[in-house]
Amino acid sequence: MFNESWPWKRDLASAAERLDEARLGLSDTLDQEATSSDGLDLFEAETEALYRIERDVMSAAFAVRRLIGMPSKVTKTTREAKATVIRYPLRPGAKAPDIWDALGDLEMYEMGAPSDTVVTANEICNLFVHSLILRFAWTLEGMPFSDWWAVDESDPRAEMTPTELAGWLVASDKSSGQYLTLVPLSEFVRVMRVFASDEVTQLRSHRDRRGRMHFTAT
């Protein structure tokens, strides 16, 4: 259990701001690294920029998941927060990816059959924490990721460089055998802010028949 929840909520709010800025800002950062490296290792510079985003995502997923498990630190309404993600099913007859397949082009998933799905915040966090696949999902600014993925090679837009971070393509060791999930950046940031702004004003406790103490925060 966290000793105090407010530092975690404070840092969740800060990370949410950074991820929100990364939606359009990460592309600029990577471009700047490419033009200003001048003798430095470009791969290393880009890796550092992407790592900072990954660090915020993974630490946020851990913090939110941990807060959900502590009824005295977060209100029931917040612990039950949900978000809309997009799932891409495993192709019929395709095998679930292993650790090496996860590094490839993910052709085992039917990217042309997206399905909006409402899931709990805890489900999203588990995807990240137990991720077998974790990819940055890019799109053209203002275009839904599924539309960008479906752009035909003959379409002039196919030659354009995507500049908007739409979110992350994620699959855990368990979910990878069923579907790949797009967690939209906007939805993940919204969930982070819900937990960051949560404030417990009243705490009730009671003991069950076995004498165990239970808490309910409102």
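A few comments on the model shown:
- Listed values for the stretch 66-80 are Karplus-derived 3J(HN,Hα) couplings in whole Hz (6.51 cos²θ - 1.76 cosθ + 1.60, θ = phi - 60°), namely 5, 5, 4, x, 10, x, 7, 9, 9, 5, 4, 4, 5, 4, 9, and x replaces Gly and Pro.
- Using the Cβ-Cβ distance between Glu4 and Asp155 with R0 set to 45 Å, the FRET efficiency works out to roughly 0.30.
- In the context of the full set of protein chains, residues of the chain present 57 Å² of accessible surface per residue (probe radius 1.4 Å, heavy atoms only).
- Tyr179 long-range amide H proximity, modeled H, under 5 Å: Leu90
- Computed in the context of the full set of protein chains, the accessible area of the chain at 1.4 Å probe radius has 51% of its extent on carbon or sulfur.
- Bridgeable aspartates and glutamates around Lys82 (alpha carbons under 16 Å apart, same-chain partners fewer than 8 residues away excluded): Asp116, Glu123, Glu187, Asp198.
The values are calculated or read from the model by the stated rules, or taken from the named source; none is laboratory data. This one's a predicted model, so the numbers in the text were calculated from it and none came from an experiment. Please note: Cβ atoms are built from the backbone with ideal geometry, for glycine as well, and neighbour counts cover all protein chains shown. Just the protein is used for accessible areas: all its heavy atoms, side chains included, with ligands, DNA and RNA removed. Shrake-Rupley method; radii C 1.70, N 1.55, O 1.52, S 1.80 Å.
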